[in-house]
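Engineer: I have a structure here, written as C-alpha cells, and I will follow up with some questions on it.
Readers should treat all values here as calculations from the given coordinates under stated rules, not as data from a laboratory. Since the structure is predicted, the reported quantities are computational estimates derived from the model, not experimental observations. Quick reminder, even Gly has a Cβ in these numbers, built from the backbone with ideal geometry, and neighbours come from all protein chains shown.
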Amino acid sequence: MPEAVPCPGCSGGRFETIFEDCSDLWLRIPGEYPVVRCLECGLVQTNPRPNPEELEAFYPEEYAPAGCPMPDRPMGRTPLVRAFRWVVALPYRLRWGREFVSRLVPGRVLDVGAGNGSRLARLEGRGWEPWILEPRAETARETAGRLGIPEERVVVAYAEDADLPAGHFDLVVMDHTVEHLSDPRAVFDSISRLLKGGGRLLITCPNYGSLESRLFGRWWMGLDMPRHLTHFGAGTLERMAAESGLEMEDIRPQYGTLVMFSVVFRHAFAKGLDGSPGAKTLPLPERLVAFALEQLATVAQAFGYMPMMEVVFRKPPASVREEA
Ligand SMILES: [Zn+2]
C-alpha cells in the first residue's frame, strides 16, 4: 500500500493535488501516485508515496548504480559533432563562466549517493580527496574499486545515519540524490554537521520551477515518478537548506546532462533498455530531432532555461557546531 506521510518540508498534513495517478515513465514499473503541494510550506512532493518495500521495486538493476540512466548522444561523439557542440555551448560558458567547483581550493570531498562516481573521479583529478557515502554496499564497493578509494574512506549508510566526524569535509556533493531521499531535512542536518565552517554543499537535481516542467506537466521526465519523492524548485530547496543553517551561494543550469527531457529522449531510452545501444539505433529523423532539441536547450541555458539546477550552499564559518 502506498503510504501517506507528513510533508517532508514542514511536517504539515494539508495538500492540494497537482497531478493525480502519475506512473513510471522511464521504466514503466506499475503503480500510480499523485504529485501534491503542501499548503503550509509549498513543497511539491509525491504523497502518498511507495512504502519502502514498493520503492525497492522501482530501483531495478538497470537503474543502479549510475542513478538515472541516460541514452547515448543521438549523433554520437565524432570529432565533428564534438566541435559543433563546443560552439553551441559557448554562450553557456560566456554566461556562467567556469564550473563553480573550480573556484574552490581542493580539500576533502564527500559524495552522498555516489552512484557511478563520475563526479568524484573528476574532482580527484583536480586534487580533491574523495570519500563515499552510499547506502548500497555493492555500489559503494564497485565505485570505490574503480576509483581506487581506500576502504576507510567508504561509508555504507544512509546520509542521516552516517558515522563520520563533524566538521570533516570541505565539500559535499549530491548529484541527483536529494529528490530521492525519504527524509531530506534529516540529511541536510547531517550534512551541515559534517561540513567545516565555510564548507560547501553542491546539489544537482531537476528544477520543478522550470519552464520545461511547466511545458511538459505530468509528462515531464524530471518528475521521474515515483522514484522522486520531493520535487524541489530553487525556493523550496533554499528554504530547506536554510533550516539546517546553509546559505545559498550560487545557482545555475546544470551543464552536460541531456537537458531536454522530451518524448524523443524517452523513446531513445526505451530502445536502449531493450538491449540495443540506445539513441544511435533510432531512425535518422528522430536522431536529428533529438540532436536539435539538445542543442536548442544548450543555447537556452545561457538565457536561464534551467530544467536541471546546480545549487551551491555554504555553511557560514561562525556556525560550526561541534556535536558528539
Ligand atoms: Zn510542508
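Engineer: I need to check one value: relative contact order of region 112-205, counting alpha carbon pairs closer than 8 Å and at least 6 residues apart, in percent.
Structural biologist: Rounded, it is 28 percent for region 112-205.
Engineer: Counting Lys +1, Arg +1, Asp -1, Glu -1, what net charge surrounds residue 127 among other residues with beta carbon under 12 Å of its beta carbon?
Structural biologist: 0
Engineer: In whole Hz and in residue order, list the ³J(HN,Hα) couplings for region 176-183 that follow from phi through the Karplus curve 6.51 cos²θ - 1.76 cosθ + 1.60, θ = phi - 60°; x for Gly and Pro.
Structural biologist: Calculated HN-Hα couplings, in order: 6, 10, 4, 6, 9, 6, 7, 9 Hz.
Engineer: A further question follows. Please give the net charge around residue 225, taking every other residue with its beta carbon less than 9 angstrom from that of residue 225, where Lys and Arg add +1 and Asp and Glu add -1. Present the calculation step by step, with values, prior to reporting the outcome.
Structural biologist: On the way: positive: 218, 227; negative: 24, 32, 224.
Summing Lys and Arg as +1 and Asp and Glu as -1 gives -1.
Engineer: Applying a 10 Å radius around every beta-carbon, put 242-251, 51-60 in order of their mean neighbour count, most first. Numbers along the way, then the final one.
Structural biologist: Numbers: 242-251: 16.6, 51-60: 12.8.
Averaged packing, sorted descending, gives the order 242-251, 51-60.
Engineer: So how far, in whole Å, is the C-alpha centre of region 133-167 from the one of region 80-105?
Structural biologist: Measuring centre to centre over Cα atoms gives 31 Å.
Engineer: Also: Ignoring everything except DSSP H segments at least 4 long, calculate the 222 nm mean residue ellipticity for the chain; use -39,500 (n - 2.57) per segment, divide by total residues, nearest 500.
Structural biologist: So the calculated ellipticity at 222 nm is -9000 deg cm²/dmol.
Engineer: Mind pulling up the Rg/Rh value for the chain? Radius of gyration and Kirkwood radius, both on Cα.
Structural biologist: Using only Cα positions, Rg/Rh for the chain is 0.95.
Engineer: While we're on this one: Of the candidates 283, 307, 184, which one comes out as most mobile in a Gaussian network treatment of the chain with C-alpha springs shorter than 10 Å?
Structural biologist: Largest GNM mean-square fluctuation: 283.
Engineer: Tell me the net charge near residue 176. Cut-off is 14 Å between Cβ atoms, residue 176 excluded, with +1 for each Lys or Arg and -1 for each Asp or Glu.
Structural biologist: Net charge in that neighbourhood comes out at -4.
Engineer: Would you look at the GNM of the chain, springs on alpha carbons closer than 10 Å, and say which of 303, 15, 84 moves the most?
Structural biologist: Comparing 303, 15, 84 in a Gaussian network model of the chain, the most mobile one is 84.
Engineer: State, as an integer percentage, the relative contact order of region 154-203 based on alpha-carbon contacts under 8 Å between residues 6 or more apart.
Structural biologist: In percent, rounded to a whole number, it is 53.
Engineer: Once Lys and Arg get +1 and Asp and Glu get -1 on their Cβ, which of 79, 203, 184 lies farthest toward the positive end of the dipole of the chain?
Structural biologist: 79
Engineer: Same structure, new question: At most 16 other Cβ atoms within 10 Å plus a DSSP loop assignment makes a site exposed; report the longest stretch of the chain without any exposed trypsin sites (Lys or Arg not before Pro).
Structural biologist: Value returned for the longest uninterrupted segment is 137-320.
Engineer: Tell me, what ³J(HN,Hα) does each residue in region 163-174 have, in order and in whole Hz, if you take phi through Karplus 6.51 cos²θ - 1.76 cosθ + 1.60 with θ = phi - 60° and put x for Gly and Pro?
Structural biologist: Each residue's phi maps through the Karplus curve to give 8, 9, x, 5, x, 9, 10, 7, 8, 10, 10, 10 Hz.
Engineer: Before anything else, pin down the relative contact order of the chain: Cα pairs under 8 Å, at least 6 apart, normalised by residue count, whole percent.
Structural biologist: Over the chain, the number comes to 21 percent.
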